[in-house]
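Colleague: Could you have a look at this structure, given as structure tokens, before my questions?
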Amino acid sequence: MRKKIRIQDIEINIESQMVAIVFYVKRILAVNANPNAESLGDEFLLQYKKLLQEHENEDIYDLLRYYRLIMEFKPALSTILKPGKEFDMCCDAVIPSFNVPLDRIRRQVKENKLPPKKKGPVMPGSSKSMDLMYHCMVCNQNFEIPAEIKEQLLNDDSDDGKKELPKHCDKEMVIKIVRIQEEVPSEEIESKEVEPEIEILSAELLMGHIDSKEAKVEYLEVLSVGIDIGSSTSHLVFSHLTLKRERSFFNMSNRFILANREIIYEGNIIFTPLIDRYTIDIEAIIKFCEEEYKKAGITTEMVDTGAVIVTGETAKKQNAAEIINRLSSEGGKFVSAVAGPNFESLLGAMGSGIVEQSRKNQRTILNVDVGGGTSNVAICSKGNVHSTSCINIGGRLLGIDEKFKIWRIDEPSAFLMKELNMNYKLGDIIPEKDVKTISREYAKALLEVMRGPATSKIAKELMMTEDLDFSIPIDDFSFSGGVAEMIYDRDISHEEYKDIGKYLADEINLLVKELGLSITEPENKIRATVIGAGAFSLSISGSTCYVDEDVALPLNNIPVLPVNVKRREFNFENIKNEINRAFKNYDMKESEDVVALYFKEFIDHTDNLLSTLAKAIESSLPHTVSQKKPIILIFSMDIAKVLGIAIRRGTSIQNNLICLDELILEAGDFIDIGAPLYSGQAYPITVKSLVFNKDKKDS
């Protein structure tokens, strides 16, 4: 029987394929009148080779190397081009070229027939399948040639006449090149028969791309702002967001997906202006933001989306809500007000670049954004944020000048001093050794919650949220935030900031070294949260939404009420009971509070189920319906449009209806819903938690 094709039998000329790919990239760049087509193409090739070299030890066969060539094309291309139309044109161009060898190999595997190897002439003796033999012309038998004589015959290039050859059947034999039939042991044949079939994947699947013209890919450009009013500093960034929608099996719902984020302006960093220990200087913040808009050459009318976030101790100021609402209402079309320690942790991890780093390295990294008032902690695992937490530890919690005179004592530092039997007040001179002791205790509490649940009295008191979920082992640790600048750069002086940030950074470094933790450095540190607010706070609804024309958008600070109806219990009474339970659980009253009812369970698109759901919603919201207040329904699956139509056709709900889908929400979330993008085919959503910790007072 014919021996089955193995993966090691498949041969592909990788180098020639790479030459063709680079040619296509340069050609597309030239067609698009890119003045740097040649140099960008060369840079692409350089980065491409670097990415491939990272896997050369594991890709031991041609097919694996070829698969890698396809999979690394997009990452290599992203080093010279941003995701968008030109990027997709390059992908479109190379897909057919990638598929030619794959189609050929697929046929060969199916037919179990490899073509003859074309590697030039094969010299006898150089291949195990070919050899020199003595051949008797009389009896037609082959005989082995002794190794030393064979070597002489192969290496003797003289032409001094005929070689004397041995005789057989009384006649001189001749030398013949023969093919050696390899004998395969029966047990090996048996094992080969149970080898799995070689599956030859398509280039489209390997690259994660489908022809942009055939898929009718659409692009949407959005300008976003992020504004961070922190305990120590305030700043803003502008980001350019590219949304992409392709109608293909890679995007079954045809929703817009965030394809690229590019920071186009990073503003100045100022110390957060305060009128007193309890009050933010709102007018100073407004003036600063207006100046930054002008420097960036951006007007509020140009801004499509974004977020304002008040972080750390500043969120505890008595006018925190006022400043955040002022900035969000004056910042652009849909600039959302966000706050809350867990959300800050998420934005810090995203903005630092650690989430993306964990995806690239396929590792689990715990990032700590150490700011002026809080440390926001997030476990990032293989591109996802697994768990978040927050603790009251920051460099601005104790303010000291160059002479160690205390000018600020925040509540966490007052508590810590009491635990350490220290009795300092504003205006006192504090010895440097006591500053170090306080910083050491803060650092110990921080490292405690970074490595496990808070157990000590100090750590428990300083915690603002629940402990992290450590069900996933941590590979590395990283630090972002203002204090992180001093963790990675020890030459920064505390005198510039006039707080304990430098001492806190030094103590964190000492403990990290003592514990032998593996530390990695993020791309962004002091700007991590503001970058997160500008580039990562936006969610996009599915494209099959239903929103009545009479609904006035944006809608802000809508509480999310999960309706926990199970799929197997999907009937009129259960749906109605669960909606009523949702209002009760969150102390909300139907018609008095505008809420978003969130259905996470899968709902079939059958007429009976849609009709049942529509009537149950109508029955559960009698006062809301009669008073024509907004009815907001959110779904995790693609169902919003058909349900909206079913509600209009089968119930008395005829206006103020919003049905959005493909959003992942949690209990305790709030959402802002912006005006529609792209002619009403998508809606910008900010998912957040609104928590202003005004219950605690400064000392």
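Colleague: If we scan region 550-568, do we find a residue that is part of a helix (DSSP H, G or I), in contact with a strand residue (DSSP E or B) (Cβ under 9 Å, 6 or more places away or on another chain) and either in contact (Cβ under 8 Å) with a residue 24 or more places away in the chain or under 30 Å from residue 655 (Cβ atoms) (or both)?
Modeller: no
Colleague: When region 406-421 is examined, which residues are found to be in contact (Cβ under 8 Å) with a residue 60 or more places away in the chain and either part of a strand (DSSP E or B) or of a type in the set (S, T, N, Q) (or both)?
Modeller: Listed by number, the residues that qualify are 407, 408, 409, 413.
Colleague: Could you give me the residue pairs with C-beta distances under 6 Å whose first residue belongs to region 41-68 and is acidic (Asp, Glu), whose second residue is assigned to a helix (DSSP H, G or I) wherever it lies, and which are 6+ apart or on separate chains?
Modeller: Matching pairs, first to second residue: 59/65; 59/68.
Colleague: Sticking with this one: For region 286-322, give me each residue that is buried (at least 24 other Cβ atoms within 10 Å of the Cβ) and either part of a helix (DSSP H, G or I) or of a type in the set (Asp, Glu) (or both).
Modeller: Correct list: 312, 313, 314, 315.
Colleague: Follow-up question, since we're still on this one. Please verify whether region 381-398 includes one or more residues that are surrounded by fewer than 18 Cβ atoms within 10 Å (Cβ to Cβ), touching a helix residue (DSSP H, G or I) at 6+ places or on another chain (Cβ under 7 Å) and farther than 20 Å from residue 461 by Cβ.
Modeller: Yes, because at least one residue in region 381-398 is surrounded by fewer than 18 Cβ atoms within 10 Å (Cβ to Cβ), touching a helix residue (DSSP H, G or I) at 6+ places or on another chain (Cβ under 7 Å) and farther than 20 Å from residue 461 by Cβ.
Colleague: Please work out which one of (1) in a helix (DSSP H, G or I); (2) surrounded by fewer than 15 Cβ atoms within 10 Å (Cβ to Cβ) is the condition residue 469 fails and give its number.
Modeller: (1)
Colleague: Quickly run through region 614-646 and pick out the residues that are free of Cβ contacts under 8 Å to residues at least 40 places away in the same chain and in contact with a Phe, Trp or Tyr (Cβ under 8 Å, 6 or more places away or on another chain).
Modeller: 633, 635, 636, 637
Colleague: Can we say residue 373 is farther than 30 Å from residue 451 by Cα and not in a helix (DSSP H, G or I)? Break it down into steps so the answer makes sense when it comes.
Modeller: Values: farther than 30 Å from residue 451 by Cα: no; not in a helix (DSSP H, G or I): yes.
No.
Colleague: I would also like to ask the following. Going by the structure shown, is residue 74 in contact (Cβ under 8 Å) with a residue 60 or more places away in the chain and in contact with a Phe, Trp or Tyr (Cβ under 9 Å, 6 or more places away or on another chain)?
Modeller: Judged against the criteria, residue 74 is a match.
Colleague: Of everything in region 539-548, what is at pLDDT below 85 and either surrounded by fewer than 20 Cβ atoms within 10 Å (Cβ to Cβ) or touching a His at 6+ places or on another chain (Cβ under 8 Å) (or both)? Give them in sequence order.
Modeller: Once the filter is applied, which keeps residues that are at pLDDT below 85 and either surrounded by fewer than 20 Cβ atoms within 10 Å (Cβ to Cβ) or touching a His at 6+ places or on another chain (Cβ under 8 Å) (or both), region 539-548 yields only 539.
Colleague: So which residues in region 507-528 are in a helix (DSSP H, G or I) and surrounded by fewer than 19 Cβ atoms within 10 Å (Cβ to Cβ)?
Modeller: Result: 509, 510, 511, 512, 513, 514, 515.
Colleague: Next question. Pick from region 351-370 the residues that are in a helix (DSSP H, G or I) and not small (Gly, Ala, Ser): which of them is farthest from the chain's Cα centre (by Cα)?
Modeller: For region 351-370, the residue satisfying everything is 361.
Colleague: For region 487-522, what are the residues that are under 25 Å from residue 266 (Cα atoms) and in contact with a strand residue (DSSP E or B) (Cβ under 9 Å, 6 or more places away or on another chain)?
Modeller: Of the residues in region 487-522, the ones under 25 Å from residue 266 (Cα atoms) are 487-499, 501-502, 505, 520-522.
Hits for region 487-522 are 487, 488, 494, 497, 498, 499, 501, 505, 520, 521, 522.
The values are calculated or read from the model by the stated rules, or taken from the named source; none is laboratory data. Note that the coordinates shown come from a computational prediction; the quantities given were computed from them, not determined experimentally. All Cβ positions, even for glycine, are placed from backbone atoms using ideal geometry, and neighbour counts span all protein chains on display.
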